[in-house]
Amino acid sequence: MRRIIKDLALQRARRLYILAVNEARLGNYDRARRYVDIALDLLSKANVRKPMYIRRGVCKNCHIPLIPGLTATVRLRGNRKYIIVVRKCLLCGWVSRILCPRRK
């Protein structure tokens with residue numbers, strides 16, 4: 001029974017995230033933020049770990065979907081060992097850095 005609840009919560013959170021991205025593309029940022037808030041509440045109530053597309057695709061400060069060129073800027077920095085993906089939210093200025101190991 002618990003597995004069914006978690007699966008339903010993940011399905012609904014994915015649908016809400018897709019709706020939030022579509023609303024952000026149309027310029028309705030308040031509605032997109034609300035969809036993301038509902039998805040995060042749903043996942044926390046079902047005690048489900050947030051999927052990768054929500055962890056990396058949503059601003060942790062203002063809960064807007066990060067769409068490159070529209071709501072976020074994406075830059076690549078690098079050194080010998082790692083490539084660093086730097087994303088900045090254009091609405092609140094929040095900056096995220098993700099380390100990616102360089103392939104040989």
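Odds and ends about this structure:
- Sorted peptide list for 70-83, 21-34, criterion being average Cβ within 10 angstrom, highest first: 21-34, 70-83
- With respect to the chain, whose longest principal axis is taken over its alpha-carbon atoms, helix 29-45 is tilted by about 70°.
- Listed by chain and number, the lysines whose C-alpha is less than 24 Å from the C-alpha of K88, apart from same-chain residues fewer than 8 away, are K50, K60.
- Of A20, T73, Y35, farthest towards positive along the dipole that unit charges on Lys, Arg, Asp, Glu beta carbons give the chain: T73
- Candidate lysines - alpha carbon under 20 Å from K81, same-chain residues fewer than 8 apart omitted: K104
- Global size of the chain: 15.3, 48 Å for Rg and Dmax (C-alpha atoms, Rg to one decimal, Dmax whole).
- Close amide H pairs (under 5 Å, H built 1.01 Å from N) link W94 with C89, residues at least 5 positions away or on another chain.
Values quoted throughout were computed directly from the atomic coordinates according to the rules given, and no laboratory measurement underlies them. Values in this document were obtained by computation on a predicted structure and should not be read as measured data. Quick reminder, even Gly has a Cβ in these numbers, built from the backbone with ideal geometry, and neighbours come from all protein chains shown.
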